Each structure stands twice: as C-alpha cells, then as structure tokens.
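Have a look at the structure below before the remarks.
Derivation of every value follows stated rules applied to the coordinates shown; laboratory data play no part. In this text the structure is predicted, and so the values were computed from the model without any measurement. All Cβ positions, glycine included, derive from the backbone under ideal geometry; neighbour counts span all protein chains shown.
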Amino acid sequence: MAVVFEKTKALTDATLSYCPGCTHGIIHRLVAESIDELGVMEKSIGVAPVGCAVFAYDFFNIDMQQAAHGRAPAVATGIKRVHPNNVVFTYQGDGDLASIGMAEIVHAAARGEKITTIFVNNAIYGMTGGQMAPTTLVGQVTTTSPYGRNPELCGMPVRMAEMLGGLAGAAYVARVSVHNVRAVNEAKRAIKKAFELQIAGKGFTMVEVLSTCPTNWGMNPVEALGWVESNMIPYYPLGVFKDVSKDAVLASKDVSAKEAN
Amino acid sequence: MAKLLMKGNEAIAEAAIRAGCRYFFGYPITPQNQIPEYMSKRMPQVGGTFLQAESEVAAINMVYGAAGAGARVMTSSSGPGISLKQEGITYIVGAELPCVIVNIMRGGPGLGSIQPSQSDYFQATRGGGHGDYNMPVLAPASVAEAAELTAKAFDLADKYRTPVLVLGDGMIGQMMEPVDMPEAFPQTVPEKPWATVGWSDKSARPRAVVNSLYIDPKVLEQHNIRLQEKYVKIAAEQVQVATELTDDAEIVLVAYGTMSRIARSAVRAARAEGIKVGLIRPITLWPFPSDTIRQAAKTAERFLVIEMSAGQMIEDVKLALNGARPVGFYGRMGGMVPSVDEVLSEIRKTARKGE
Ligand SMILES: Cc1ncc(C[n+]2csc(CCOP(=O)(O)OP(=O)(O)O)c2C)c(N)n1
Ligand code: SF4
C-alpha cells in the first residue's frame with residue numbers, strides 16, 4: 001500500500017494540549033516538517049515560551065528548554081553561543097514576545113543572533129483567559145478591554161515583523177497566516193526558509209504567523225479563520241519584510257549596474 | 001603557581017576562566033564592572049564567549065540557556081542587577097542548572113549608593129526569588145579567597161546542579177592583593193546527560209528537556225522534596241568556616257567578608273587589653289555554620305555580630321543559639337564601613353556587660 005501521508009518525525013506522540021480549532025497545532029506541524037525535511041532533527045534545540053505553547057517541550061521530538069515569560073530569545077542566545085552549529089529556535093506567543101519579552105526579541109534581532117523565532121500572533125493572551133495583548137486590534141473586546149481596545153488609552157497594535165525587519169541584524173522576517181490551504185503552504189515555505197537561512201549563518205530569522213484563538217475570541221473555528229482574513233490581515237499585511245538572500249541578489253545587480261556605467 | 005597582584009574583581013574573573021568557565025553574560029554596574037571588562041578581554045583569548053546582554057534579565061536567561069546546553073557559565077552584578085536576575089535564578093533552581101553568579105554588594109535600597117555594603121544577605125541566603133529554595137552562598141574575605149571560592153563555586157554548582165552565589169562587598173571587588181593563581185584550578189565536571197546538545201544518539205539517553213514547570217501538584221511536591229533533600233545534603237557536606245581565638249573566648253564576634261578583617265583587627269586589639277575575645281568567620285553563608293556557633297557557646301558568654309547592614313546575619317546567629325546566649329550587634333549602613341575603633345569600643349561595651 002502506498003503511503004500518502006505520514007506523521008512528522010519531529011513531533012512526539014503526545015496529544016496536543018490546544019483547544020479544538022486552534023491553529024497552534026498547524027504551526028507546530030509546519031515547524032516540525034521543516035526540521036524534518038532539512039534533516040536537522042538531531043541537532044535542533046527548541047525553546048518553549050510561557051503561554052498556551054508552554055508544553056511545546058512535550059510536542060517537539062527534539063531536545064528542548066522551557067524559558068521564563070518573554071525570555072526565550074535570551075535563552076536561545078545562551079544555547080546558540082554554546083552550540084553554534086546546532087539549529088536553535090524559539091516558539092513564542094504575542095504576549096510573550098511583543099509585551100513582556102519585547103527587549104529580548106529586539107536585541108536578539110539587533111545582535112543578528114543566528115536563531116529562528118516562530119512568533120504566533122493571535123491578538124490575545126490565550127493561556128491566561130483572553131486578556132488584551134499589544135497586538136489586540138482596535139475595538140477588539142477582551143477580558144481586560146471590555147469596551148474594545150481604545151487607542152487613546154492603549155495605543156495602536158504593535159506590528160512586530162515590520163519593526164524587526166528594520167533591524168540590520170535580521171536576515172529574514174516574514175508574516176504569514178494559516179487561515180486557508182494556500183496560506184498554510186506559504187507559511188511552510190517561509191518557516192523552512194527561515195531555518196535554511198539560520199543554517200547558512202545569515203543572522204536572525206523570524207516568521208510571524210497569524211493564528212486563531214477561537215476559545216477567547218468567542219468564535220467557532222471556521223468563524224475564527226474568517227476573522228483572521230477579514231480583520232487581522234488588513235492590519236497585519238502578509239509578506240516578507242526582510243530577506244538577505246534577496247538583498248544579496250539585488251546588491252550584486254546594483255554592483256553590476258554600477259560597473260556597467 | 002604564579003603570584004599575581006590583582007583587584008578582587010579581576011581575580012574572580014581570572015579564577016573563573018582557570019576553573020573552566022567559557023561563557024560570560026553580563027551587564028555593567030558599579031562596583032563590579034572590572035569583571036565583565038576583564039572577561040571581554042580574556043574570553044576571546046581562551047576561545048570563550050563574552051556577551052554584554054541588553055539587561056540583567058537577559059543576561060541571567062542567557063546563563064539559563066548556556067547552562068542548560070551543558071556549559072560552565074557565569075554572570076556577575078550588584079544589588080539592582082541582582083534583583084533583576086532573581087526571576088532567572090529561580091528558574092535555574094527549578095530546572096536544576098549549574099551556574100555561578102557573583103554579587104559585589106553595594107548600598108541599597110533602590111539605587112542606593114556604589115559604596116561597599118552587606119545589605120543583600122537576606123536576599124542571598126533566603127533564596128531571593130519566588131519558591132522554596134536555597135543556594136550555596138560563598139563569602140570571600142580577601143582577593144586570594146575570592147579567586148579560590150569562585151573556582152570552587154563551579155565544582156559545587158556542577159556537583160549539586162544548583163546556582164552558586166559568590167557574595168562579595170564592594171571592598172573585595174576593588175582592593176588589590178597578591179593571589180596565588182594556579183595555571184588551572186582542579187575541576188570536577190560530571191557527565192551532563194540532561195543537557196540540550198541535540199538528540200543525536202537516541203539510544204544513549206532520553207530526550208533532554210530543561211524545564212521548571214510541573215503542572216501536577218503531586219509531581220511538583222515530589223520535585224520540591226527532592227530539592228529540599230539536596231539542600232540537606234549540601235548543608236551536611238559543604239559548611240565552610242574560619243575561627244580565631246575562640247577556644248577560651250568569653251566574647252565571640254561573628255563577621256564575614258571584609259567586615260571580618262576589621263573585626264579581626266579589633267579582636268587582636270581587645271586581646272592586647274586582656275579581653276578574652278575570638279572571631280567566627282562564616283565562609284559559607286548558606287549553609288550557615290550553626291554548629292560552630294553552638295560549639296563556641298560552650299565557653300562564650302556573649303556574641304557580637306558585626307555587619308555592613310542593619311543586622312541580617314544576626315538572625316542566623318540567633319537561630320543557631322536559639323536563645324542560649326545574648327547576641328549583640330554593631331553595623332553601619334549605606335556604604336559606611338565600621339572602623340576598627342568602632343568595633344573595639346563595641347567589644348569593650350560587651351565586655352563590661354559581662355562583668
Ligand atoms: C512573569 C510572568 N507574568 C505573567 C505570567 C502569566 N502568563 C502566563 S501565559 C501569559 C500570556 C500568554 O499569552 P501569549 O504569549 O499571547 O500566548 P498564547 O497563550 O496566546 O499562545 C501570561 C501573562 C507568567 N507566567 N509569568
Ligand atoms: S486558549 Fe486560544 S491560543 Fe490557547 S490553545 Fe485555546 S484556542 Fe489556542
């Protein structure tokens with residue numbers, strides 16, 4: 001019998017702890033497939049955050065560390081400096097990365113730390129019961145913004161990919177989504193590319209993945225996927241914000257153009 | 001063995017390197033700046049890594065990552081920075097990772113001052129961060145001892161899988177003294193099958209997970225029981241203390257770090273006046289040398305604790321004596337250092353109480 005679909009080796013057999021319809025599971029799968037396909041499972045070390053993905057150390061079938069809330073990029077820095085030839089990644093939510101861990105992620109990117117960050121942006125604090133995140137959209141109701149996020153009080157949602165893409169140390173920064181099959185395929189390409197550029201030693205790489213939280217958004221899974229498309233993507237445009245592999249091509253074109261003059 | 005004239009901070013850094021430390025993550029703060037500065041120069045020479053982190057919070061979490069990855073690793077700071085490190089330290093305790101942390105104490109609270117102080121004793125010896133824990137705290141009284149204890153701290157950390165704190169005051173950090181610096185300190189580095197190095201040989205060990213989360217309270221209680229058993233073991237095996245003239249002493253001074261040197265001069269002056277006084281100098285502040293204190297109470301009528309604080313170690317002396325002897329205190333705060341004369345006059349006062 002022909003095998004048409006297999007379990008990814010880089011995931012364990014543990015049952016995922018995520019709510020039904022939550023896209024954390026899809027993102028785990030994409031990360032694991034990338035590790036698997038690049039053949040780096042045996043030298044990969046992951047860092048789990050504080051958030052719904054805290055148990056990621058049970059799910060990825062590789063050596064793992066669990067970090068304090070927001071500190072995953074610092075922990076990953078420590079690991080990567082000790083094992084520069086290993087593949088090191090963090091998996092972080094938006095409260096973890098864009099709020100309490102803002103300093104750690106910005107400086108990891110600024111240093112050009114050769115790690116990959118998978119940034120799961122679901123516009124809310126999932127694990128603690130749906131509080132407002134720095135990424136919560138204007139007007140979005142959460143348990144700590146019961147009248148909807150008011151930019152007068154809380155400012156505008158933070159666009160991390162744009163911010164980090166502007167740092168010289170960043171080699172690759174992209175924002176993707178997993179709300180339909182096409183988006184999932186593109187997300188996979190971006191995640192794999194981020195790992196490839198880490199392996200090539202190019203610098204800091206991050207893929208921001210727009211993700212759902214049906215439980216705390218108060219929607220069923222299908223509605224939640226629709227909300228990503230209709231509400232999140234307009235504010236968080238998908239795309240590549242930094243790609244040194246492309247820049248290098250441009251730069252070499254630049255040089256030849258100058259030489260031609 | 002070469003005799004070198006070094007500042008305490010530099011001796012700590014060099015000793016760490018000669019004890020096999022190859023990773024240092026830190027952030028500038030007075031009066032410990034010579035440690036990161038020295039490390040930034042020396043680490044590249046020995047193939048190690050020095051990284052100036054964006055904050056003490058980041059530095060201690062880099063230590064967590066590197067320790068979890070199996071390295072001998074260290075950080076250093078002073079009061080305000082050590083407070084920021086407490087989050088990382090309790091995670092390091094929970095995940096049972098070995099590392100060395102140096103606190104060159106300055107006056108507090110708040111931004112306080114940059115002058116020497118011993119006001120972080122409680123923070124150091126009571127755990128410091130959240131959760132039930134202790135960690136070995138080593139208190140050097142000279143530059144040579146600072147080097148020796150720093151080297152020893154790495155072995156202790158590896159042996160018990162715990163952070164170890166080297167607690168110096170600003171004077172230790174800044175003073176220059178001769179040090180016997182061996183080419184390499186003896187090192188006992190155990191196997192670290194728990195370290196995340198990449199899971200290449202799946203038959204050799206289970207998947208490595210460095211973690212302090214135990215969501216099931218029954219399991220977390222067992223984890224805590226194991227930690228407490230470890231502390232009992234450390235307390236039984238690792239107490240280090242120096243005593244001087246305590247055999248016939250009617251008054252026993254208790255002081256640590258540079259305060260013990262001032263206390264020692266005062267003890268000698270008092271002896272010259274015919275006062276029977278001795279000195280106990282705890283070298284490990286945790287575990288505390290309670291037995292030595294109790295032993296001294298066999299001859300001593302009174303105890304006098306001298307600190308550069310409002311009186312913190314005095315609690316451990318009182319706990320050891322459990323009311324058996326009166327315990328007096330003399331201290332200065334905020335970066336002020338008690339003089340030999342001040343301590344001597346306290347000894348005289350204590351002696352008069354005994355008459
Ligand atoms: C220092 C600290 N502060 C607060 C918390 C509580 N806490 C746990 S998870 C979390 C938010 C996680 O949200 P996010 O990063 O968006 O991830 P999600 O759960 O949505 O995947 C918070 C605030 C904590 N564990 N530690
Ligand atoms: S709370 Fe939200 S983010 Fe967390 S697992 Fe459930 S759906 Fe996913």
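Evaluating B:Ala95 against the criteria (1) closer than 18 Å to A:Ala74 by Cβ; (2) surrounded by 24 or more Cβ atoms within 10 Å (Cβ to Cβ); (3) in contact (Cβ under 8 Å) with a residue 60 or more places away in the chain leaves one unmet condition, (2). In this structure, is A:Phe89 more than 11 Å from ligand 1 (Cβ to nearest atom) and surrounded by 23 or more Cβ atoms within 10 Å (Cβ to Cβ)? Considered against the rule, which asks whether it is more than 11 Å from ligand 1 (Cβ to nearest atom) and surrounded by 23 or more Cβ atoms within 10 Å (Cβ to Cβ), A:Phe89 comes out as yes. Among residues of segment A:49-64 being out of contact with any helix residue (DSSP H, G or I) (no Cβ under 8 Å at 6 or more places or on another chain) and outside any strand (DSSP E or B), the one that is surrounded by the fewest Cβ atoms within 10 Å (Cβ to Cβ) is A:Phe55.
Can you give me the ranges of the strands (runs of 3 or more DSSP E) entirely in segment B:244-355 with at least 3 residues that are of a type outside the set (A, V, I, L, M, F, W, C)?
B:277-282, B:327-331
From the set of residues in segment A:120-148 that are at positive phi and within 13 Å of ligand 2 (Cβ to nearest atom), which is nearest to the other protein chains (Cβ to nearest Cβ)? Filtering segment A:120-148 for residues that are at positive phi and within 13 Å of ligand 2 (Cβ to nearest atom), the one nearest to the other protein chains (Cβ to nearest Cβ) comes out as A:Gly129.
Answer yes or no as to whether A:Ala108 is away from ligand 2 (no atom under 16 Å from the Cβ), within 14 Å of another protein chain (Cβ to nearest Cβ) and under 19 Å from A:Gly46 (Cβ atoms). So A:Ala108 passes the test. Does A:Gly129 satisfy the condition of being in a loop (DSSP other than H, G, I, E, B), over 16 Å from the mean Cα position of the chain (by Cα) and touching a residue at least 12 places away in the same chain (Cβ under 8 Å)? Considered against the rule, which asks whether it is in a loop (DSSP other than H, G, I, E, B), over 16 Å from the mean Cα position of the chain (by Cα) and touching a residue at least 12 places away in the same chain (Cβ under 8 Å), A:Gly129 comes out as yes.
This table checks each residue for (1) more than 8 Å from every other protein chain (Cβ to nearest Cβ); (2) at positive phi; (3) free of Cβ contacts under 8 Å to residues at least 24 places away in the same chain; (4) buried (at least 24 other Cβ atoms within 10 Å of the Cβ).
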{"position": "A:Glu37", "(1), (2), (3), (4)": "yes, no, no, no"}
{"position": "A:Val47", "(1), (2), (3), (4)": "no, no, no, yes"}
{"position": "A:Gln66", "(1), (2), (3), (4)": "no, no, yes, yes"}
{"position": "A:Gly70", "(1), (2), (3), (4)": "yes, yes, no, yes"}
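Listed conditions (1) part of a helix (DSSP H, G or I); (2) among the hydrophobic types (A, V, I, L, M, F, W, C); (3) within 8 Å of chain A (Cβ to nearest Cβ) are all met by B:Val93, apart from (3). Exactly one residue among B:Glu87, B:Glu54, B:Glu37 is farther than 30 Å from B:Asn224 by Cα, among the acidic types (Asp, Glu) and facing chain A (nearest Cβ under 10 Å), and that residue is B:Glu54.
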